[in-house]
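The values are calculated or read from the model by the stated rules, or taken from the named source; none is laboratory data. This one's a predicted model, so the numbers in the text were calculated from it and none came from an experiment. Glycine also receives a Cβ, built like all others from the backbone with ideal geometry; neighbour counts cover every protein chain displayed.
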Amino acid sequence: MRDDWKEQRNQIIGLGENSFKKSYYPELQEKLSELETSYKNLKSIFDNVEDGIVLHDENGFVYFHNRQMSGIINTGEDLGRESDINVSELFPDEQDKIKMLGIWKDVMGSIPKVISTILTPIGSDSKIHVQVSMNKTVWYGRPLIVAVIRDFTERAKFENQLVKAKEKAEEGERLMTAFLQNISHEIRTPLNAIMGFSGLLDESELEPDRRKDFISIILRSSNQLLHVVNDILTISSIETRHIKLRENKTNLNELIDNLFATFKAEADLKGLELRHQKGFSDDNAEVYTDLLKLHQIISNLISNALKYTHRGSVTFGYDLKSGEKGEFLSFFVKDTGIGIEKERQQIIFEKFRKIDDKSGTLNGGMGLGLSIAKAFADIMGGRIKVESVAGEGSVFYLEIPYKPIY
Ligand code: ADP
């Protein structure tokens, strides 16, 4: 049918090359050359439009396309007339093809359409997001569809990034609000205790034992408050990148002994066994490292282990291990506590995260300890990780480069 039309048209207007040469009528020749020129002009205008323009029939067969469409329908050929190229091939999915046929039928029934869709250029696997405006037109006496195609791929990518950025900002705001509520709780609780019990100390008939109890509550609350303030100051220094690595000669066994002494009373109070392990003998335990950061990371981990363990033990220590990049120090804190579900094992290292965690809320804390530990581990050229089974316990590892003193 389409071939018949081509032949008829060539015979009538002499556009076919042979019939053009055979034409004996100078006037007709002149008209033909005008026609050719106006076609070329039209084509050159279309080629300079930024959008893709394609003329096709209601079955998708292409009759004309501009330069912008060449890459999409995979032909550089200047068709100028009907071709075997079919735009329905731009929709590999059968359902989409059927949908497009319906739309083309409507357009041919003089109902213009504008759709947003995804095309797969012929002969390629890539996808392009486009907006297609379709209208009915007449081309060399034949009713066709003129489709103007605008590539939105970059815009779609950009929109996607914007949506992601918006979600991230909203999530950040949500976490920050919860963090601020939490922080005010964490500051007020010890502060109220300090103020309340300080007032009670003033009472003249207070028994010495009661006075001692009150003083110990005041001291404990002050420590808690100091801890909160320290964490907030540390996280803001990390955020503003004011934290530097300061490595000095450090005796690891002394560090372990100090930590043991610090946490022993707390463990006893909870009826937990506190154990420690040293990887080097006391004489060989000196290395170059940032003692303050190392101390803070491990005390955060031990403090958490004690917080989230209600029976059993907490063991901490270090070992020298070797990996692909050479020897490294592996510190560990192991507990027999509540454990952490697999899906939460990554997010607990993100700051302000504890708000989603009911057990954490009951146990107090601002959800900053692990994010500080992770940031410090990064600064020290190391990493922190956790292995845990919910209900059975957790092991936190801190791996840092081994820098021996020769
Ligand atoms: P915080 O202890 O103040 O909540 P952290 O950043 O130290 O903040 O810990 C984040 C969360 O990780 C905690 O709220 C808790 O849910 C979980 N977590 C940390 N350490 C342990 C542990 N040893 N056992 C079980 N859960 C833990």
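List of remarks:
Rundown of residues vs (1) out of contact with any Ser or Thr (no Cβ under 8 Å at 6 or more places or on another chain); (2) part of a helix (DSSP H, G or I); (3) at pLDDT 90 or above; (4) surrounded by fewer than 16 Cβ atoms within 10 Å (Cβ to Cβ), yes/no style:
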{"site": "Glu58", "(1), (2), (3), (4)": "yes, no, yes, no"}
{"site": "Tyr63", "(1), (2), (3), (4)": "no, no, yes, no"}
{"site": "Ser83", "(1), (2), (3), (4)": "no, no, no, no"}
{"site": "Lys99", "(1), (2), (3), (4)": "yes, yes, yes, yes"}
{"site": "Ile103", "(1), (2), (3), (4)": "yes, yes, yes, no"}
{"site": "Thr117", "(1), (2), (3), (4)": "yes, no, yes, no"}
{"site": "Ser124", "(1), (2), (3), (4)": "yes, no, no, yes"}
{"site": "Ala147", "(1), (2), (3), (4)": "no, no, yes, no"}
{"site": "Glu154", "(1), (2), (3), (4)": "yes, yes, no, yes"}
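- Test set (1) surrounded by 16 or more Cβ atoms within 10 Å (Cβ to Cβ); (2) part of a helix (DSSP H, G or I); (3) modelled with pLDDT under 90 - Glu89 fails condition number: (3)
- Any chance Ile347 is modelled with pLDDT of 95 or more and either of a type in the set (Val, Ile, Thr) or touching a helix residue (DSSP H, G or I) at 6+ places or on another chain (Cβ under 8 Å) (or both): no
- Selection status of Glu273, over 39 Å from the mean Cα position of the chain (by Cα), within 19 Å of Ile400 (Cβ to Cβ) and either modelled with pLDDT of 95 or more or polar (S, T, N, Q) (or both): no
- Pick from segment 288-344, criterion over 25 Å from Val389 (Cβ atoms) and of a type in the set (Ser, Thr, Tyr), ranking: modelled with the lowest pLDDT: Ser322
- Yes/no for Leu269 being closer than 30 Å to Glu341 by Cβ and in a helix (DSSP H, G or I): yes
- Filtered residues of segment 214-255 (kept if within 38 Å of the chain's Cα centre (by Cα) and of a type in the set (Val, Ile, Thr)): Val228, Val229, Ile232, Thr234, Ile235, Ile238, Thr240, Ile243
- Looking only at residues in segment 297-348 that are near the ligand (Cβ under 8 Å from one of its atoms) and among the hydroxyl-bearing types (Ser, Thr, Tyr), the one that is nearest to Asn223 (Cα to Cα) is Ser303.
- Residue list for segment 383-393, restricted to those being crowded, with 19+ Cβ neighbours inside 10 Å, within 27 Å of the chain's Cα centre (by Cα) and not aliphatic (A, V, I, L, M): Ser388
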